[in-house]
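Notes to accompany the following structure.
Readers should treat all values here as calculations from the given coordinates under stated rules, not as data from a laboratory. Values in this document were obtained by computation on a predicted structure and should not be read as measured data. Note: ideal-geometry Cβ built from the backbone for every residue, glycine included; neighbour counts use all protein chains shown.
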Amino acid sequence: MAKRDYYEVLGVAKGAGAADLKAAYRKQAMKFHPDRNPDDPEAERKFKEVNEAYDVLKDDEKRAAYDRFGHAAFEGPGAGGAGARGFSGEFNFGSGFADLLDELFGDYMGRRGGRGAGGGRRAGRGADLRYAMEITLEEAFAGKQASLRVPSSVKCDSCGGSGAEKGSSTVNCSTCGGDGRVRAQQGFFTVERTCPACQGAGQVIEKPCKGCSGSGRQQKERQLSVNIPAGVEDGTQIRLSGEGEAGLRGAASGDLYISLSVRPHAFFRREGADISCTVPITMVDAALGGAIEVPTIDGGRAKINLPPGTQNQQTFRLRGKGMSVMRSSARGDMYIDIHVETPVNLSPRQQELLREFEAEGGAKRSHSPQSAGFFSKVKEFWEDLTDR
């Protein structure tokens, strides 16, 4: 099946910036994550497709190569593709655009780093993996020990990652003589590229392992545990070194990056280390004052004494009742935004009492300072219009 366009996979325009790419990746990864779609085998394929697309487009060099050559930029001889063509020669983009300069000018500039003990290149490092995890605000406050299942490639059990059958050994590649590179003269330049026979390793296996076909790795689902520290914010990324895909034939493993998103809370709103919530109170409580209890993020309760005449949208602060701060014992503050409710569905008797209250002067401007100030300004405005 032909590969889909990476921009189409993430659902972004070709000129999308890094922030748009990251947001689109998180959305698609959450949508197709295998843990969220246990009965849909197609979801795992799409999840891997999304990770592959983001891995290329987030890297400026890989993206530049992809924009120019498409998927052919990453299809070397060992990947079953024809490679990408330019400068009248054929180059291997399998290890990314960064290797292109080395392939073009490695011999000319004298850059031959990265060789193994046999003179050939060491097998490729394993790919990094990305995992999107959603947590609650309470978990972000307290931290947690999370368990996750990660589909990945691991060292082959049969050969221990060497790629060779037991008792078998590796020999120098006959095509490159163990150097891992082959050279060809292109006019005034000597062009060096990865050996197509050994894929740059410089060594070939006499008898490839039957369990992994010589790659040294197998596909498995791993159970991992990750410590999420208290105070993490939405968008925090946790790196687990060496927990990515296994390297080819015993090379170093990649890393695992866990992107955290904090689920919106039912009534708390977060702003950095501070949190806030809106608390409705009755007109009577606002006028006469009193004590109310509000929940706190740590699961407790806090008491607030409302003074008589509490106004709508008045804010009270509870020091040290906010979110945890990462790598610190400090905590933010909690802000209570008061919302005074106007009574509805009054009985005839209740309406009568309010009218008596009004008749007793309860609706005087002196009892409503904000209203008095407003209508005073309105009066001045009208007087100015009359004088013109």
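Please get the size of the charge dipole for region 215-351, origin at its Cα centre, with Cβ charges of +1 on Lys and Arg and -1 on Asp and Glu, quoted in debye to the nearest 20. Intermediate results must be reported in sequence, preceding the final value.
On the way: 16 positive and 14 negative charges, 65 e Å.
So the magnitude is around 320 debye.
With labels modelled as points extended 7 Å from the Cα through the Cβ direction, what inter-label distance (nm, one decimal) is found for ALA252 paired with ASN345?
Between ALA252 and ASN345, the simple spin-label model gives 6.7 nm.
Tell me, what is the FRET efficiency for ASN227 and ASP5 to the nearest 0.05, using R0 = 35 angstrom and their Cβ-Cβ distance as r? Mind showing how you got there, number by number?
Details: r = 38 Å, r/R0 = 1.08.
The value I calculate is 0.40.
Once Lys and Arg get +1 and Asp and Glu get -1 on their Cβ, which of GLN311, MET326, PHE357 lies farthest toward the positive end of the dipole of region 293-367?
It is MET326.
Starting with the highest mean, order 36-42, 337-343 by the number of other Cβ atoms within 10 Å, averaged over the residues of each peptide.
Numbers: 36-42: 10.4, 337-343: 13.4.
For the peptides 36-42, 337-343, the packing ranking is 337-343, 36-42.
For region 178-259, what number results from the quotient of the Cα radius of gyration and 2.2 N^0.38 Å? Could you put the intermediate results ahead of the total?
On the way: Rg = 19.8 Å, N = 82, 2.2 N^0.38 = 11.7 Å.
It is 1.68.
Please list, ordered by chain and number, the residues whose modelled amide H lies under 5 Å from the amide H of GLY214; skip anything fewer than 5 residues away on the same chain.
Amide H neighbours of GLY214: CYS209.
Which net charge results when you count Lys and Arg as +1 and Asp and Glu as -1 among the other residues whose beta-carbon is under 14 Å from that of MET323? Don't skip to the end; give the middle numbers.
Details: positive: ARG269, ARG270, ARG319, LYS321, ARG327, ARG331; negative: GLU138, GLU139, GLU233, ASP234, GLU271, ASP274, ASP298, ASP333.
Taking every other residue near MET323 into account, the sum is -2.
From the phi of every residue in region 234-245, what ³J(HN,Hα) in whole Hz does the Karplus formula 6.51 cos²θ - 1.76 cosθ + 1.60 yield, where θ is phi - 60° and glycine or proline is x?
For region 234-245, the Karplus-derived couplings read 4, x, 4, 10, 10, 9, 10, 5, x, 9, x, 6 Hz, x marking Gly and Pro.
Note down the magnitude of the dipole of region 11-57 about its Cα centre, charges +1 on Lys and Arg C-beta and -1 on Asp and Glu C-beta and zero elsewhere, to the nearest 20 debye.
Working: 9 positive and 9 negative charges, 53 e Å.
Dipole about the Cα centre, nearest 20: 260 debye.
With only alpha-carbon pairs counted, each pair once and no self-pairs, how large is the Kirkwood hydrodynamic radius of region 141-295 in angstroms? Working shown, then result.
Working: mean 1/r = 0.0475 Å⁻¹.
Hydrodynamic radius (Kirkwood, Cα pairs) of region 141-295 is 21.0 Å.
If we count every other residue with Cβ under 10 angstrom of ASP274's Cβ, Lys/Arg +1 and Asp/Glu -1, where does the sum land? Numbers along the way, then the final one.
Values: positive: ARG269, ARG270, ARG317, LYS321, ARG331; negative: GLU271, ASP333.
Neighbourhood net charge equals +3.
Any idea which of PHE268, ALA286, ALA201 is furthest toward the positive side of the dipole for region 186-286, if Lys and Arg beta-carbons carry +1 and Asp and Glu beta-carbons -1?
Positive-most Cα among the choices belongs to ALA201.
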